[in-house]
Amino acid sequence: MKSLKRVIWMVFLVAGIQACSGVQVSQDYQQGYNFSGLKTFAWNPNEKNGYGIENNDLVDKRIRSAIENKLLEKSYRLVDSYTPDFFISYYVTVEQKVSNSGGSGGISIGRSSSRGRYGSIGMSTGSAARSYEQGTLLIDVTIPLEDQLVWRGIGTQSVSVQAGPDESAARINEVVGKILAQFPPKQAVTVVRSE
């Protein structure tokens, strides 16, 4: 019975991990750039923000609001100027993806008057494919005078077309928060020792 409980626990653990796969984030940045001098930002007037969602003002406003709020929380100031310390812009893509798993399984636990307690575990090696939408949000930081990209944050997550406004805003806030948690980047400090 202990081994059956252990198997059941493992199946639920694997299912829980798969359900919590969540947002994947990464960043790229110009090494050696001094990000500590950046204090003010504005939306890049030369970029077509919202690539991929230009016909959805509702999502555009949610993304802009999430980005502005997160930068304001980090003590950056939004300015109405063509000479802020940095421009911010974003791009969204949504792609159809197919996930293929090599196996599936099930657990049965029960009790009957003739057999007492019993349990069974079933495994199948057939392949199960599922289709889903994967959204990618890119947030760029460029320096106005040089028109130079110095930082890019990327967040990827499966998206639901049926998400309502509250769920959509919550997901956008989560993705933006995790992307901008990387900004400014934590750069390695080189210590020079004198001999």
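Just so you know, all these numbers are worked out from the coordinates, no wet-lab data involved. Keep in mind it's a predicted model, so treat the numbers as computed, not measured. All Cβ positions, glycine included, derive from the backbone under ideal geometry; neighbour counts span all protein chains shown.
Observations on the model:
- Protection proxy ranking, peptides 73-80, 147-154, average beta carbon neighbours within 10 Å, highest first: 147-154, 73-80
- Given Lys74/Lys178; Lys74/Lys186; Lys61/Lys97, the pairs whose alpha carbons are separated by over 18 Å: Lys61/Lys97
- Each residue, Asp80 and Glu133, gets one label point 7 Å from its Cα in the Cβ direction; the gap between the two is 3.5 nm.
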